[in-house]
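The values are calculated or read from the model by the stated rules, or taken from the named source; none is laboratory data. Note that this is a predicted model, so its numbers are computed, not measured. For neighbour counting, all protein chains shown are included, and Cβ atoms are generated from backbone atoms with ideal geometry for every residue, glycine included. For the accessible areas, the whole protein counts, side chains as well, though only heavy atoms, and no ligand, DNA or RNA atoms are used. Shrake-Rupley method; radii C 1.70, N 1.55, O 1.52, S 1.80 Å.
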Amino acid sequence: MANANGIQPTIQQNLNVQIASPAGSLALLGTGSSAVIGANAARRGIIFINPTTDRIITAVPANQTAVAGQGVVIYPGAQVSFIGDGRLINYNCGWNGCADGGSNVPLQILELL
């Protein structure tokens, strides 16, 4: 629809929407496999942090069952990072995890969006 001057109205779109990143979350693990974070198509990378002083945590992609010591092993006080290239490699799958003992063992997660 044209205005009084016969000019079509236009808008300027900005598709670069800022996303708060990193997004942090916490999963409490036991010795059985459980989901620690779901899939996220916007995720470009992920960092797993084991804040404990005495528990080893294992993480695996969600299509696998987490078994202590088999997969991505995160030692006490350590962190493991998976950083994508933003084009072809993105770690956007869901993840499962477990601890080598105990219950309510914390796993901190940072999603790079």
**Q.** Residue-normalised accessible area of segment 26-113, given per residue in Å² at a 1.4 Å probe
**A.** 50 Å²
Q) So how far apart, in nm, are the two label points at Q70 and D100 if each is 7 Å from Cα heading toward Cβ? A) 1.6 nm
Q. Could you give the length gained on full extension between S25 and T53, defined as 0.36 nm per residue of separation minus the Cα-Cα distance, in nm?
A. 8.1 nm
